[in-house]
1. Restricting attention to region 180-187, does a residue exist that is at pLDDT below 95, of a type in the set (Gly, Ala, Ser), open to solvent by less than 50 Å² (accessible area, probe 1.4 Å) and within 26 Å of VAL95 (Cα to Cα)?
2. May I ask you to say which residue of ALA261, ALA268, ALA244, ALA219 is over 23 Å from ARG160 (Cα atoms) and either among the aliphatic types (A, V, I, L, M) or in contact with a Ser or Thr (Cβ under 9 Å, 6 or more places away or on another chain) (or both)?
3. Within region 33-60, can you find the residues that are closer than 28 Å to GLY147 by Cα and either modelled with pLDDT under 95 or surrounded by 15 or more Cβ atoms within 10 Å (Cβ to Cβ) (or both)?
4. Of the residues in region 150-194, how many are assigned to a helix (DSSP H, G or I), within 26 Å of ARG86 (Cα to Cα) and of a type outside the set (A, V, I, L, M)?
5. All but one of (1) modelled with pLDDT of 95 or more; (2) surrounded by 13 or more Cβ atoms within 10 Å (Cβ to Cβ); (3) of a type in the set (Val, Ile, Thr) hold for VAL202; which doesn't?
6. Given the criteria of a type in the set (A, V, I, L, M), in contact with a Lys or Arg (Cβ under 9 Å, 6 or more places away or on another chain) and either open to solvent by 20 Å² or more (accessible area, probe 1.4 Å) or free of Cβ contacts under 8 Å to residues at least 24 places away in the same chain (or both), does VAL161 qualify?
7. Please work out which one of (1) modelled with pLDDT under 80; (2) in contact with a strand residue (DSSP E or B) (Cβ under 7 Å, 6 or more places away or on another chain) is the condition VAL131 fails and give its number.
8. Taking the condition of being in contact (Cβ under 8 Å) with a residue 60 or more places away in the chain, closer than 14 Å to ASP271 by Cα and open to solvent by 20 Å² or more (accessible area, probe 1.4 Å), how many residues in region 310-340 meet it?
Amino acid sequence: MPGPTRSPAPRSSAPSRRSVLRWGLGASAVLAVAGCGSVRVGQPAAYTPPPLGIDDLYRADLLELLDRLLEATAGGADPREEIAGRVRELHAALVEHRDALLTGAEAQKEQDASSAGHGASDGGGAEAQPVDAAGIVDLLGQMIALGADACVQCSGSLARVIAAIVSHLQWAAGTLVLAAGDAALAAPAPPGEDALVPTREVPTSDPPSVAATVDYEAALQEAQGDEWYAGYAFEVMAARATDAAARTPLLDTSGLHRDRARRLARIAEEDQITDVPQEAVYPLPGGGLDAATLEELPAGIGQGLLEDWVAMVGAVPFARRAFAVATALAEAHGLVGAVSAIPVLPSLSADDR
């Protein structure tokens, strides 16, 4: 993105969308063995499956809702190509989202079934149905709400995947509503931090895990450095604005980003990790003097911050999750109308798509 020329703090390697979930299989196998009682000669072993962990409970619900969205967006037709095109793009993204949530064993099972000729039909030859934009937006809202709730309770590795998915869907919902141009159709608002509280009981048999402190520190430093930069950049843009109507929202945005950076400083102090101090001046593309370059800067800043905050979701302790999730979704929402596309899985690598 257009931004500072400073060397950024090294990002942790983005987790593989399959590898971050395969650990669950190993844990389940251990629990399965532990669940076996005494074995009598000539009789099958007594076995009581352990209860599903919170990760698996949320993952199952998310996959069910994803399947409903895939069905709603499949084969849609609309005389307005802008809407039809957005729905096709959304459907393709949902396929990748679903793949990201599958464990290695589930993905292999589906691949084997497909190879054997038992895979789901692609509906070829069926008459395309008109796009139900309102129904799709409603399902997207449900998916965003469920995913945000999951992020505050699931293991860090899974929470990062889910945050990437719902951040893309937050942007996609707003973009679809914008394309529809229907005053009666409203995009789901990103949930506020205060609304994101744990709601499900966490089974003690399979507690969720958190990231290592070194990953938490690196993610915080990256996000804080970019928030300081955003605050400075928007302040410069406000100074260059020629009227108050344009200047005031730019100053408000500058203050928002600096407030986030200051909050991260307090969090770092409380959690005894190293933060990134504010610099007096940051380099801007074109020296901050080219009006056209400055106009493009907010979109680049927003996309960078979106990736920062999705990564933060997977790195922060549970007590900090709501802040990270709400901020990631707010950044995704802010990119509606500003960019024509965002990554299907922000901050995650395309290891085996």
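The values are calculated or read from the model by the stated rules, or taken from the named source; none is laboratory data. Not measured: the values here are computed from a predicted model. No Cβ is skipped: glycine too gets one built from the backbone with ideal geometry, and neighbour counts run over all protein chains shown. For accessibility, only protein heavy atoms count, side chains too; no ligands or nucleic acids. Shrake-Rupley method; radii C 1.70, N 1.55, O 1.52, S 1.80 Å.
1. Yes, some residue in region 180-187 is at pLDDT below 95, of a type in the set (Gly, Ala, Ser), open to solvent by less than 50 Å² (accessible area, probe 1.4 Å) and within 26 Å of VAL95 (Cα to Cα).
2. Of ALA261, ALA268, ALA244, ALA219, the one residue that is over 23 Å from ARG160 (Cα atoms) and either among the aliphatic types (A, V, I, L, M) or in contact with a Ser or Thr (Cβ under 9 Å, 6 or more places away or on another chain) (or both) is ALA244.
3. Residues satisfying the conditions are PRO49, PRO50, PRO51, LEU52, GLY53, ILE54, ASP55, ASP56, LEU57, TYR58, ARG59.
4. The qualifying residues number 7.
5. (1)
6. So VAL161 does not fit the description; no.
7. Every listed condition holds for VAL131 apart from (1).
8. 2
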